Structure formats: structure tokens, C-alpha cells
Amino acid sequence: MVKLLTKPQCESLNIVLVLGSAPDAVRVKALDLSNIRSVVAINNAWHLLSDWDYLIHPEDFPLEKRPTSQQQSQTIVTAQQYVDIQNQYGGFVYAGGTMAFTAAYWALGALRPDVMLFLGCDMVYENDGQASHFYGQGNADPLRDDVTLQSLEAKASRLNYFAAMQSCLCLNLSEQPSSRLVFPRVNAGALAALSRDDHQAHLKKITAAHQVVQAQACLAKERAANYYFSSGRYWEHLNEIDGDDLKTIDAKWLAWMI
């Protein structure tokens, strides 16, 4: 849990909320969003708020699940926009080929947030007969058999580093008992009191010199493996990707994890 150091300051933080479809995503309806600059809804999550700012979805998101109309202030983000931005952060193979990470990297590059919040993005699917998503049962996309998703925690750790190097703090609003995201938890009350001093104090822990050196070693491994496909369609190149290479890289990101 994030511990606050100071009282809020006048200068507001650019806070972006990345909203997924886990069951607790419905909590967004009761949250005070007045300090949230932008809401990025992933796939079906646009149903939870009428005033979302961005809807991001993959190419195969069914037409019947997309909004039939939108406000002038709302933008739909597709592969035409997010592939180029994802490539700026090393591409999909290293970032992890599922929309929670794709949305986060797009937001990081396009919206340049100071704080990136996550709700409904825990990527935990219990086989307990309960609904897997806020709308009922759905596909557990992050758990599919995909060479880029061998460790969701490692991919979250990598995202944490790239965000911090852009002076962006990643926080998890989830109240679920477990999460594949490795970011600190924050509740609505603490979020409302988050100051720029708090923001900088937490970032310093991630961007300390020894942490950066370790992260650079991870990135060197990525460059050496060279699994970079500018189209974003890495699944068309699976015969060129060694899963053991990615497992080794994941292990390094896990070792770096804050």
C-alpha cells in the first residue's frame, strides 16, 4: 500500500486510469474520478462508464461489442495507433501480447501520465464457478498459450520500469486478494491525497542507480535476442522465437522487480 509523505500540492498530477473487465472493475462507478485526467477502457470495459475518454481494442474485437456511437470527446484506439507506440517500447514480444499491457504502453506513450492507475486488470482467473469478468464468463486472454505471456508478473515489472523512466508511477486500485500486477496498491482515499512529493519519492525507489543498471541488463538481453517485429503481428513469426530465451529474460525482470 502506498504511504503518503506530504499533503496535496496545488500542481495537479496527470492521472490516467486503465480500466479492464475483471469483476471488481464495477467499482469504477462509485469512484470519484474528478482527479482522473483520462480513462482508458479496454474492450468491453467501456460499458462501465458513459464518459470514458479512450476505448482501446484489438483487431479481432467483435463489431457487435463495439459502441455504435460516441461523444466528440471520445476516441477509439486500434492497432493503427497502438502498434507504433508499442514498438517504441521494444515491441509486443517483450511487453506481453495481451491488452492490459498494450493499453498501458499506449497510454504511457500517447498520454504521458504522471500516474497510471489500474482497475480490473489483475489477470487472475479462479476456477471457482464465479464470473470471470464483470459481464459474466469470458475468455482468460492473458492465460492463453502464448510464448510472450509465460510470466505476467515479469511483463508487469518491465512496464513498471519503462513507466518510472518516464516519471510515471504505476499503482493498482484493485481490492482483490491477488493480482498479476506487481505495482503498489492504493485505495481511493490515498489516491485523493497523493502529492507530487509522494510521486517523486516512490519513483526514486524504482529509478535508483542500481535498479537502472539491472534493468539495462534486461534490455541488453532483449536486444541480443532481437525478437522485434514492426508489424506487431509476432504470431506470424513464432518459428523465429525461442521460448527459453524469453523465459530467461522474464527471470531477469522478475529479479529486478521492486
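The values are calculated or read from the model by the stated rules, or taken from the named source; none is laboratory data. For clarity, every value in this text was computed on a predicted model and none was experimentally measured. All Cβ positions, glycine included, derive from the backbone under ideal geometry; neighbour counts span all protein chains shown.
Take the conditions of a type in the set (A, V, I, L, M), over 29 Å from residue 28 (Cβ atoms) and assigned to a helix (DSSP H, G or I) and apply them to residue 203. Does it pass? Outline the logic, then answer.
Numbers: of a type in the set (A, V, I, L, M): yes; over 29 Å from residue 28 (Cβ atoms): no; assigned to a helix (DSSP H, G or I): yes.
Considered against the rule, which asks whether it is of a type in the set (A, V, I, L, M), over 29 Å from residue 28 (Cβ atoms) and assigned to a helix (DSSP H, G or I), residue 203 comes out as no.
Condition (residue is outside any helix (DSSP H, G or I), out of contact with any His (no Cβ under 9 Å at 6 or more places or on another chain), closer than 22 Å to residue 176 by Cα and not aliphatic (A, V, I, L, M)) applied to the stretch 24-32: is it met by at least one residue?
Yes, because at least one residue in the stretch 24-32 is outside any helix (DSSP H, G or I), out of contact with any His (no Cβ under 9 Å at 6 or more places or on another chain), closer than 22 Å to residue 176 by Cα and not aliphatic (A, V, I, L, M).
What's the number of the condition residue 237 fails, among (1) assigned to a helix (DSSP H, G or I); (2) closer than 28 Å to residue 23 by Cα?
Only one criterion in (1) assigned to a helix (DSSP H, G or I); (2) closer than 28 Å to residue 23 by Cα is unmet by residue 237, namely (2).
Going by what's in this entry, would residue 193 be described as in contact with a helix residue (DSSP H, G or I) (Cβ under 6 Å, 6 or more places away or on another chain), hydrophobic (A, V, I, L, M, F, W, C) and surrounded by 12 or more Cβ atoms within 10 Å (Cβ to Cβ)?
no
Of everything in the stretch 50-93 that's closer than 20 Å to residue 120 by Cα and touching a strand residue (DSSP E or B) at 6+ places or on another chain (Cβ under 6 Å), which residue is surrounded by the most Cβ atoms within 10 Å (Cβ to Cβ)?
In this case the residue turns out to be 56.
Looking only at the stretch 36-47, which residues are surrounded by 21 or more Cβ atoms within 10 Å (Cβ to Cβ) and among the aliphatic types (A, V, I, L, M)?
39, 40, 41, 42, 45
Out of 170, 218, report the one residue that is surrounded by 14 or more Cβ atoms within 10 Å (Cβ to Cβ) and part of a helix (DSSP H, G or I).
Result of the check over 170, 218: 218.
Tell me, yes or no, whether the stretch 56-75 has at least one residue that is part of a loop (DSSP other than H, G, I, E, B) and under 16 Å from residue 109 (Cα atoms).
The answer is no; no qualifying residue exists.
Output the number of residues of the stretch 4-23 satisfying the condition of being over 25 Å from residue 180 (Cβ atoms) and either buried (at least 24 other Cβ atoms within 10 Å of the Cβ) or modelled with pLDDT under 50 (or both).
7
Looking only at the stretch 33-43, which residues are in a loop (DSSP other than H, G, I, E, B) and among the polar types (S, T, N, Q)? Walk me through it before giving the result.
Filtering the stretch 33-43 for residues in a loop (DSSP other than H, G, I, E, B) gives 33-37.
Listed by number, the residues that qualify are 34, 35.
Taking the stated definitions as given, is residue 243 on the phi > 0 side of the Ramachandran plot and touching a residue at least 24 places away in the same chain (Cβ under 8 Å)?
No: the conditions fail for residue 243.
Quick one: in the stretch 221-258, which of the residues that are surrounded by 16 or more Cβ atoms within 10 Å (Cβ to Cβ) and in contact with a Cys (Cβ under 9 Å, 6 or more places away or on another chain) is modelled with the lowest pLDDT?
Applying the filter and picking the extreme gives 256.
Against the definition (closer than 19 Å to residue 250 by Cα and crowded, with 20+ Cβ neighbours inside 10 Å), how does residue 182 come out, yes or no?
Judged against the criteria, residue 182 is a match.
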